[in-house]
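K.L.:
Below: one structure in structure tokens.
Throughout, read-outs are computed from the coordinates displayed, never taken from laboratory work. From a predicted model like this one, the values you see are computed outputs, not experimental measurements. Cβ atoms come from the backbone with ideal geometry, glycine included; neighbour counts cover every protein chain shown.
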Amino acid sequence: MAKAMNESQPFRAGADNRTIDLRSDTVTTPTPQMRASMAAAEVGDDVYGEDKTVNRLEALAAEMLGTEAALFTPSGTQCNLLALLSHCERGDEYVVGQDAHTYKYEGGGAAVLGSIQPQPLDFEPDGTLDLSRVAAAIKPDDCHFARTRLLCLENTQGGKVLPLDYLEAAADFAKANELALHLDGARLFNAAVRLQVPASHIARHFDTVSVCLSKGLGAPVGSVLCGAAAVVANARRWRKMLGGGMRQAGILAAGGIHALNFHVERLAEDHANARKLADGLATINGIQIDPAAVQTNMVFVDVGEDAASLHLFLGERGIVIAGTRTLRLVTHLDISTDDINVVVDVFRSYYRDRHPE
Ligand SMILES: *Cc1c(COP(=O)(O)O)cnc(C)c1O
């Protein structure tokens, strides 16, 4: 609910003085129902394969993605690393986006821990990797070169959904070039909901897919790696080696099961809220934004030199955002439509002084 603005006495923006945190969909906290199912979870020692709740989560994830098997992992970063380690050997190479999470935001883990050389390429504006440029980057079979072994895509990429016909072309391409194909599908369900297809329609093009349970799906911890049984068995071995074999992890897995059962369809609300936010911002004199570019739960807005003072202005009013120059505003489970109205009002009051009508 929008409250009256008072410059001398900043208010906390959200209902109940809650902070409106738009930095990322990782900031979601478990709902009371999710906490209840976690508290009640049946557990065992998962390293012995005896945690029934982890086993149920892995079966559910595999079923939803249409793969033979799945593996519960402590984080998306480890999940991607396990996939890379399972597909590639020391001295192999993987082709990946220059701004891909796996390459840029995971501490260089594939190189550090796997001796896997990355070959980064620029993403196209739609979040794809141009397959002719990938083809040009594949190294010939020659002792001078690392062995190009894997192609890694990301979906959604910066909130953008990879087109299904592109995924099909990428799968054909990978097969023709004898590359394994991994999807960093941290936000795979956002893509599936946007396309109104089952997640399996996206996953079926890949050898392995990682999915975050702890982003917009709202679980506190965890990701799943989905793929063929043999690859997942290999990944399970690597997970143990990396210290990701957890014992009574069913308490965490129960949050993931709840997320998959109850928080997938509702991602459409996050997408609608993101679109509403972009539509609202577009009406403000001084902001340039194309609301039609918003496909899922992320809004990007270039605010140029205003970034630092906007951070401050919004922060004083209980709104937290990410980004310099280009702000990234992410909607999620803990952001309501009312919150969006508040955020647009606060942006409007910031720009009213600086860009008078
Ligand atoms: C968040 C994210 C991951 C995994 O991150 P963790 O914080 O390790 O769970 C991987 N890929 C993308 C695209 C992400 O946004």
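K.L.:
Among the trypsin sites (Lys or Arg not before Pro) in region 10-99, which ones are in a DSSP loop with at most 11 other Cβ atoms within 10 Å of the Cβ? Mind listing them?
P.N.:
ARG90
K.L.:
Would you mind computing, in nm to one decimal, how far apart the modelled labels at ASP290 and ASN177 are, each placed 7 Å from Cα along Cα→Cβ?
P.N.:
2.7 nm
K.L.:
Which one, ASP165, ASP306, ASP45, has the greatest fluctuation when you compute a Gaussian network model over the chain with C-alpha springs under 10 angstrom?
P.N.:
ASP165
K.L.:
How much length is gained on full extension from ALA228 to GLU168, taking 0.36 nm per residue of separation minus their Cα-Cα distance?
P.N.:
Details: separation 60, 0.36 × 60 = 21.60 nm, distance 1.83 nm.
Difference between extended and current length: 19.8 nm.
K.L.:
While we're on this one: Do me a favour and compute the ellipsoid semi-axes for the chain from its Cα gyration tensor, root of five times each eigenvalue, largest one first, whole Å.
P.N.:
Each semi-axis is √(5λ); the values are 37, 26, 17 Å.
K.L.:
Here is a follow-up. Can you compute the FRET efficiency between SER24 and ASP142 using 1/(1 + (r/R0)^6), with r the Cβ-Cβ distance and R0 = 56 Å? Round to the nearest 0.05.
P.N.:
Numbers: r = 43 Å, r/R0 = 0.76.
Once the sixth-power term is evaluated, E becomes 0.85.
K.L.:
Have a look at ALA219, ALA59, ALA136 and tell me which one the Gaussian network model of the chain (Cα, springs below 10 Å) gives the largest fluctuation.
P.N.:
Looking only at ALA219, ALA59, ALA136, the biggest GNM fluctuation is shown by ALA136.
K.L.:
How big, on average over all directions, is the shadow cast by the Cα convex hull of region 275-350, in nm²?
P.N.:
Values: hull surface 18.0 nm².
Directional mean of the projected Cα hull area for region 275-350 stands at 4.5 nm².
K.L.:
Translational D (Stokes-Einstein, µm²/s) of region 36-169 at 4 °C and 1.567 mPa s when Rh comes from the Kirkwood sum over C-alpha pairs? Intermediate values should be presented prior to the final figure.
P.N.:
Numbers: Rh = 16.9 Å.
D, rounded to a whole number, is 77 µm²/s.
K.L.:
Need the C-alpha centroid separation for region 63-124 versus region 246-299, integer Å.
P.N.:
24 Å
K.L.:
Cα convex hull of region 215-357: how many Å³ per residue?
P.N.:
On the way: hull volume 22.4 nm³, N = 143.
Spelled out: Cα convex hull of region 215-357, divided by residues, is 156 Å³.
K.L.:
A further question follows. So what's the back-of-envelope 222 nm ellipticity for the chain, counting only DSSP H runs of four-plus at -39500 (n - 2.57) apiece and dividing by all residues, rounded to 500?
P.N.:
On the way: 14 runs with 147 residues, N = 357.
Counting only the DSSP helices, I get -12500 deg cm²/dmol.
K.L.:
Tell me, which longest segment in the chain has none of the chymotrypsin sites (Phe, Trp or Tyr not before Pro) that fall in DSSP loops with at most 15 further Cβ atoms within 10 Å?
P.N.:
Details: sites that count: PHE11, TYR105, PHE145.
Answer - 146-357.
K.L.:
Let me ask something else. How many nm is it between the label spots at GLN33 and GLU89, if each spot is 7 Å from the Cα in line with the beta carbon?
P.N.:
4.9 nm
K.L.:
Gaussian network model of the chain, Cα springs within a sub-10 Å range: biggest mean-square fluctuation belongs to which of THR326, THR53, THR128?
P.N.:
Of THR326, THR53, THR128, the Gaussian network model singles out THR326 as fluctuating most.
K.L.:
Let me know the number of lysine pairs in the chain closer than 25 Å at the Cα, not counting same-chain pairs under 8 apart.
P.N.:
13
K.L.:
With an 8 Å cut-off on Cα pairs and a minimum separation of 6 or more residues, tell me the relative contact order of the chain in percent. The partial results should precede the final answer.
P.N.:
Details: 723 pairs, mean separation 94.2, N = 357.
Taking the mean separation of contacting Cα pairs over the length of the chain, I get 26 percent.
K.L.:
What net charge do the residues around ARG23 carry, taking every other residue with its C-beta under 13 Å from that of ARG23, with Lys and Arg at +1 and Asp and Glu at -1? List each step's numbers first, then the result.
P.N.:
Numbers: positive: LYS215, ARG328; negative: ASP21, ASP25, ASP334.
That sum, taken over residues with Cβ under 13 Å, equals -1.
K.L.:
Along the three principal axes, how long is region 163-236 when you take its alpha carbons, biggest first, rounded to the nearest angstrom?
P.N.:
Here the spans come out as 39, 31, 14 Å, largest first.
K.L.:
Over all directions, how big on average is the projection of the convex hull of the alpha-carbon atoms in region 264-317, in square nanometres? Please report the intermediate quantities before stating the final value.
P.N.:
Numbers: hull surface 17.6 nm².
Computing the convex hull of the Cα atoms and averaging its projections yields 4.4 nm².
K.L.:
Counting DSSP beta bridges with both partners in the chain, what percentage is antiparallel, nearest 5?
P.N.:
Values: 17 of 36 bridges.
Beta bridges within the chain, antiparallel portion: roughly 45 percent.
K.L.:
In whole Å and largest first, what semi-axes does the C-alpha gyration tensor of region 129-173 yield when each eigenvalue is scaled by 5 and square-rooted?
P.N.:
Working: eigenvalues 125, 25, 13 Å².
Semi-axes (√(5λ), whole Å): 25, 11, 8.
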